[in-house]
Amino acid sequence: MWPFGWIRRSLPSTLRGKLLLVSLAVVVLPISLTGYLLEREGRQALVREKSEKLFGLTRLLDAHLGPGFDPLLTDAGVDTAVLAGDRDAAIRILSGRLTPFTDMIAGANPGVGVGYYSKALNAIITYGPSRDYSATVGTTIPPEHPGWHVLESGKQALESGRQVRGFILNAMLPILRDGGVIGYIWANELSDDVERQAAAMDRAVLTVSLGGILLGLVLTQVLTRGVGRDIRQIIDGLLRMRSDLGDAIRPPPGEVGAIAVEVNAMARALLDAKSLTENILHSIADGVIAVDRAGQVTALNPAAEAMIGVSAGEVIGRPYESLFKPDGRFASPLLDTLKTGRQHVGVALDFPGTRQTLHLTVSSSVLRDSHGEAIGAVVVLKDLTEQQRLRTQIMRADRLAALGELVAGLAHEVRNPLTSIRGFMQFLESSDDVAEWQRYAPLIVRQVDSLNRLVTELLEFGRPRPPAFLPVQLNDLIREVSLLAGRKSNARIALHPAPGLPLVEADGEALKQVMLNLIINAVQATSETGGIAIATAMAADGREAVITVSDDGEGIAPENLDKVFDPFFSTKPQGTGLGLAMAHRIVDAHHGTIAIASVPGSGTTVTLRIPILHNRTVDA
């Protein structure tokens, strides 16, 4: 630890000195880093420029070579077969043909060496400038020379290090003729020349960096002057505010003065904060109760006093449990928050007050001090007692309205058969003709049967039997029901069962009743030769089986779509209006859904969704 203590003691003790030190670091480090990056990027750019230049020279030499080394020997009037055994003569002839051009290239680019190497002769053909490197002509490159890699791979390479000429930056280009490598061309430059150019660039970067650092030091010294004095003035003002928030700090000029202005504004805000908080708590309609870590009530607003029927003076300092009935079994969200730290939001509950039970929604959270330490908990109470009373009245009115509609529909359905029966009986009362009695008796029986059917359906609708859930294969069930319904109509019923449809957990007989009702409705809505399509499928989420029953009949008017599931609503002269209502109730009992879509004149589609029984399937 002692080295760190020594560093700490070495730091300036004054604010101005620390600011100066930080400013120096802020100035020196970026400029130094920038200089380093510039130097590094400059060297890389220099190497890239050199490599592009050197490879450009190799391409010039490659273009000058033309078809290759052998054609040059042929053009010189020499039989290559004769020279096959005389390697030195071939090298001498090729060197004589190529040396003038390599000397010209080397002369135009001082400090650069260029030349050719023949793979067949395994020798340097020419090395320009020849006045300096003619002695290397005819020699073979050493085994470790990177030129061998170029000859073997047929790919250009850029290498730096000790080679034939010394420490050089060497660009090597393979000579590719007729799909093969016959040698390579090089262009190199001594590393000393490259280093001299890089050193000149380094000196320029260093000069600029030092100039920037010196300028930054001067500006830092100027800008930090007076900062210590202004900060000291603010500190003194803050010390005075400890005892009097109304004692404002006299703002110094500049940005530091803006700090003093904000501090003064904060002090004024703190003066208003307490009264503002108290006004808010006194004005809101929701009750607020705060407790400390021991569960003792520390504050409550007037709304909470009115809800619970106590005054603040009576309960502050007492346990929060004293607000409940002594024998009330009540799980308090506030006490749970105080114990576990878990927040509760919008919890609906019955609050067993000492005077009455309140219907509330409760939200509780932990109270923390400025350091984030828990110092208690707070609960916000929203009284829903009146809302629940109004909701109960509305639900009662809705039930009475529904009952009224049910009674009206029932009276209408009962009145028609009774009127017919009464008319027939009045007519037959004065008739002694047995033929008349035989003629009208069946009509009376049909009307009585209609009443009996209505009463039966009404009983089934009003007192449905509990469903007996078993695994059911919907495809088989639909085939059976459609076969039964098809015998009573000429309508074409097309089935489109989904293969491998999973089983559903359902009451098979109840679902048969639903499907039979839907198919009969579709048959009645279509012409004698109409078409009905029944399809099954899996829902996209894989949780439900989907059944669709579609027809091309007359459709349903838009104003009637919302009424089709209402009891006693029917557009058919002989309909009771209970079929779809019962179907809806059965599907609900299966935790499924039923929906109807219809376009007048184009037909109707009914869609059922029934939850599947997982992990069990039957091929259909």
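Before moving on, here are some points about what is shown:
- Modelled label reach - residue 469, point 7 Å along Cα→Cβ, the stretch 533-571 residues with backbone N closer than 15 Å: 544-545
- Two-site FRET efficiency, residue 538 against residue 509, from Cβ-Cβ distance with R₀ of 22 Å, rounded to 0.05: 0.40
- Full-extension gain in nm, residue 276 to residue 233, via 0.36 nm per residue minus C-alpha separation: 12.4 nm
- In this simple spin-label approximation, residue 120 and residue 361 carry label points 7 Å from Cα along the Cα→Cβ vector, and these lie 9.6 nm apart.
- Listed peptides 474-484, 494-504 appear in the order 474-484, 494-504 once ranked by packing, highest mean of other Cβ atoms within 10 Å at the front.
- Surface accessible to a 1.4 Å probe, residue 136 within the full protein complex, Å²: 30
- Between residue 243 and residue 312, the contour length at 0.36 nm per residue exceeds the alpha carbon distance by 21.8 nm.
- Accessible surface ranking for 339, 119, 155, 1.4 angstrom probe, highest first: 339, 155, 119.
- Each residue, residue 492 and residue 390, gets one label point 7 Å from its Cα in the Cβ direction; the gap between the two is 5.9 nm.
- Computed FRET value (nearest 0.05) for residue 433 with residue 563, which takes r as the C-beta separation and R₀ as 56 Å: 0.80
- Residue-count net charge about residue 343 - beta-carbon cut-off 13 Å; Lys, Arg +1, Asp, Glu -1: +2
- Net charge of Cβ neighbours under 14 Å - reference residue 261; Lys, Arg +1; Asp, Glu -1: -1
- Residue-count net charge about residue 494 - beta-carbon cut-off 13 Å; Lys, Arg +1, Asp, Glu -1: 0
- Residue 269/residue 53 FRET efficiency (R0 60 Å; Cβ-Cβ; nearest 0.05): 0.30
The values are calculated or read from the model by the stated rules, or taken from the named source; none is laboratory data. What you see is a predicted model; the values in this text were computed from it and never measured. Heads up, the Cβs are rebuilt from the backbone with ideal geometry, glycines too, and the neighbour counts pull from every protein chain shown. SASA here: full protein model, heavy atoms, side chains in, ligands and nucleic acids out. Shrake-Rupley method; radii C 1.70, N 1.55, O 1.52, S 1.80 Å.
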